[in-house]
Amino acid sequence: MSMQATLRAHGLCKSFANGSVRSHVLRELSLELQAGQLTLVSGPSGCGKSTLLALLSALEVPDAGEVHALGQCLTGLGARALQEFRLRHTGFVFQGFNLFPALTAWEQVALPLGYMGLSDREARERAMQALDEVGLSHRAHHRQAQLSGGERQRVAVARAIAKAPQLLFADEPTSALDADNGRRVVALLRRIARTHGTTVLCVSHDPRLVRHADRVLSMEDGRIHSDWCPEPGTDPIEPALP
Ligand code: ADP
Ligand code: MG
């Protein structure tokens, strides 16, 4: 089976100025990501993982280098086209859930679907499907305060996948979770990659999660210094969702 790259970055450079000092965060970083795989990005705090995610998801623009995604060169696109690309093709799971306290779980998931022009009814149906996929149908009418940390993060995953994006990005989605819930979220991301053919890129510095990924990229000093496929673990890959 030949693997098809859905996302390619070439020679990415990014630096930030702190007063008179300019620090180089990414130094000619190149990578290719495949559809249907969960790729984990690991590396010490401050090594540029979030910056890499921002560039690959078209939230930020590189100083040099190019990003090609789904057959388009993103680097030449204007702000509006980039916004459109993000809306149509990308899902993002943030570190701190970013949920609205006043909304129920299904409303959180349905909200961005409304922005995409879906009718209320379609948005509700898709939101319910996405909640079912993350094992939270029974929590659809609960608000944030009534959900556990693991459940909140799964609502955030449901929100990111409800529009069926081809590219899914997650920045430290397990950092606020205990080990079991962390594994559950990573296993869920991998299942999404497999069943929908989604290209999933997840940042995590938790070494216990590494063996649940299809591929691991370790970053150091603004570059990828190792790229490997973990041996499948001997423990159950996907613990049952409650
Ligand atoms: P990681 O996610 O691996 O912890 P980041 O990509 O967030 O690392 O940050 C890498 C480096 O870039 C850090 O030193 C950080 O302080 C710096 N940095 C990130 N974003 C900005 C910004 N918008 N302005 C200035 N410095 C930044
Ligand atoms: Mg980060």
Charge sum, other residues only, whose C-beta stays under 15 Å from A35's C-beta, Lys/Arg counted +1 and Asp/Glu -1: +3
Within region 30-64, backbone nitrogen closer than 12 Å to the virtual label 7 Å beyond the Cα of R223 toward Cβ: 30
Among S30, Q95, G182 the positive-end extreme of the charge dipole of the chain (Cβ point charges): Q95
Efficiency of FRET from Cβ geometry, R208 and R8, R₀ 22 Å, rounded to 0.05: 0.15
Cα gyration tensor shape for region 194-235, rounded if a/c is under 1.5, else prolate or oblate: oblate
Gaussian network model of the chain, Cα within-10 Å springs - most flexible of P165, P207, P230: P207
C-alpha long axis of helix 179-196 to longest principal axis of the chain, angle in °: 80
Between helix 120-133 and the chain: long-axis angle, C-alpha atoms, 0 to 90°, nearest 10: 80
Full-stretch length increase - Q72, R191 - with 0.36 nm per residue and alpha-carbon distance subtracted: 40.2 nm
Inter-site label distance for D63 and S45 at 7 Å from Cα along Cβ, in nm: 2.4
Cβ-based net charge around M116, under 12 Å, with every Lys or Arg adding one and every Asp or Glu removing one: +2
Whole-Hz couplings from phi, Karplus 6.51/-1.76/1.60, listed for region 153-166; x for Gly and Pro: 5, 6, 4, 4, 5, 4, 5, 6, 9, 4, 8, 6, x, 7
Fluctuation leader among R88, R154, R190 - the chain, Gaussian network, Cα springs under 10 angstrom: R88
Exposure proxy order (Cβ contacts within 10 Å, fewest to most) of D171, D214, D63: D63, D214, D171
Sum of side-chain charges, A140 neighbourhood, beta-carbon under 13 Å (Lys, Arg +1; Asp, Glu -1): +1
Simple label model, 7 Å out from Cα along Cβ direction - R215 to E122, nm: 3.3
Euclidean distance of C-alpha centroids, region 181-204 and region 99-116, integer Å: 21
Sum of -39500 (n - 2.57) over DSSP H runs of 4+, divided by residues of the chain (222 nm, nearest 500): -9500 deg cm²/dmol
Sequence ranges 16-22, 220-226, ranked by mean other-Cβ count within 10 angstrom, highest first: 220-226, 16-22
Degrees between helix 79-89 axis and first principal axis of the chain (Cα, 0 to 90, nearest 10): 50
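Bear in mind these aren't lab numbers, they're just calculated from the coordinates by the rules spelled out. Since we're looking at a predicted model, the values are computed, not measured. As a convention, Cβ positions derive from the backbone with ideal geometry for all residues, glycine included, and neighbour counts pool all protein chains shown.
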